[in-house]
1. If you check 114, 128, which single one turns out to be surrounded by fewer than 13 Cβ atoms within 10 Å (Cβ to Cβ) and at pLDDT 90 or above?
2. Could you list, in sequence order, all residues of segment 156-199 that are more than 15 Å from the chain's Cα centre (by Cα) and either assigned to a helix (DSSP H, G or I) or within 21 Å of residue 129 (Cβ to Cβ) (or both)?
3. What pairs can you find where one residue is in segment 88-116 and farther than 20 Å from residue 71 by Cβ and among the polar types (S, T, N, Q), the other is at pLDDT 55 or above and assigned to a helix (DSSP H, G or I), and their Cβ atoms are less than 8 Å apart, with a gap of 6+ or different chains?
4. State yes or no: is residue 179 surrounded by fewer than 19 Cβ atoms within 10 Å (Cβ to Cβ), touching a helix residue (DSSP H, G or I) at 6+ places or on another chain (Cβ under 7 Å) and more than 30 Å from residue 6 (Cβ to Cβ)?
5. So, in segment 30-50, of the ones that are surrounded by 19 or more Cβ atoms within 10 Å (Cβ to Cβ) and assigned to a loop (DSSP other than H, G, I, E, B), which residue ends up nearest to the chain's Cα centre (by Cα)?
6. For residues that are among the small types (Gly, Ala, Ser) and in a strand (DSSP E or B), scanning just segment 1-29, find the one that is nearest to residue 52 (Cα to Cα).
7. Please go through segment 122-155 and pick out each residue that is in a helix (DSSP H, G or I) and among the aliphatic types (A, V, I, L, M).
Amino acid sequence: MLLLKNVSKWFGGLPALQDVSFGVPRGRITALIGPNGAGKSTLINCISGVDTTASGQILLETRPIERLPAHGIADLGVARTFQNLKLFARLSVLDNVLTGLTVAAERSFFRSMLRLPALRTQERQLRLKALEALDDFGLAEKANWPAGALSYGEKKRVEMARAFVGDPRLVLLDEPVAGLNADETARIARHIRQKRGAGHTMLLVEHDMELVMDVADQVVVLDSGRCIAGGSPEAVRSNPLVLDAYLGRMEATA
């Protein structure tokens, strides 16, 4: 589904990513792990068009996307969540999820002004789709609540509902359980497994190693902007380079 070839990114002369290469198989969950500052969120931003790469290629089903703007990549079916919540606090939960259907909505200014029957029909269909997405994530009963009134865990689920509502080809999940308690983390894990079962392809950035080992089909490890390991969760867990660069540091700190 996604292939990265020698992707590099620099900030002010300092390398954030250096020749990163790996693939994301269709219908599978690929976890991207590494210590803070390893370049994980930078890579997600490059894939989604928020940042541009300095060199290398990012291919979505053989199509280069590294020079496309964020809205162009979204049009191709790439959705994402954010490490820091990006919700519209004063809008309803339903309206927040509807923003994930922007690429499917009517784009003609004149048709929107005229409010033709076809447009009203489309709007009803999109609202129904958004409600179905909220129901999938256990939030249908709060569809009309202002998003700012939700708990932190519920806001995380709203972001995931918004990412999945348009049935994207690829979903980028940037630390979906950061700051959540054990119950909410387990709930998000169930949703992620359900979405994989439905055939969704995901690239998951996460520090929660228990979650990663539970849901990931393959794991890629970044350290200081470089890809140092990759493979099954079991293989990565026992890789000496990973233990030294990441897992071992966590154990030593604990």
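1. Numbers: 114 fails: at pLDDT 90 or above.
Of the residues listed, the single one that is surrounded by fewer than 13 Cβ atoms within 10 Å (Cβ to Cβ) and at pLDDT 90 or above is 128.
2. The answer is 182, 183, 184, 185, 186, 187, 190, 194, 197, 198, 199.
3. Cβ pairs passing all conditions: 92/147.
4. Numbers: surrounded by fewer than 19 Cβ atoms within 10 Å (Cβ to Cβ): yes; touching a helix residue (DSSP H, G or I) at 6+ places or on another chain (Cβ under 7 Å): yes; more than 30 Å from residue 6 (Cβ to Cβ): yes.
When the stated conditions are applied, residue 179 passes them.
5. Restricting to residues being surrounded by 19 or more Cβ atoms within 10 Å (Cβ to Cβ) and assigned to a loop (DSSP other than H, G, I, E, B), the top hit is 49.
6. The first filter runs over segment 1-29 and keeps only residues among the small types (Gly, Ala, Ser), leaving 8, 12-13, 16, 21, 23, 27.
Restricting the remaining residues to those that are in a strand (DSSP E or B) gives 8, 16, 21, 23.
Values: 8: 10, 16: 12, 21: 16, 23: 19 Å.
Looking at residues that are among the small types (Gly, Ala, Ser) and in a strand (DSSP E or B), I get 8.
7. 126, 128, 130, 131, 133, 134, 140, 147, 149
So that you can scan it fast, the table gives a plain yes or no per residue for (1) more than 17 Å from residue 243 (Cα to Cα); (2) at pLDDT below 95:
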position: 174; (1), (2): yes, yes
position: 179; (1), (2): yes, yes
position: 184; (1), (2): yes, yes
position: 204; (1), (2): yes, no
position: 208; (1), (2): no, yes
position: 229; (1), (2): no, yes
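The values are calculated or read from the model by the stated rules, or taken from the named source; none is laboratory data. Quantities reported herein were computed from a predicted structural model and do not represent experimental measurements. Every residue, glycine among them, receives a Cβ derived from its backbone with ideal geometry; neighbour counts consider all protein chains shown.
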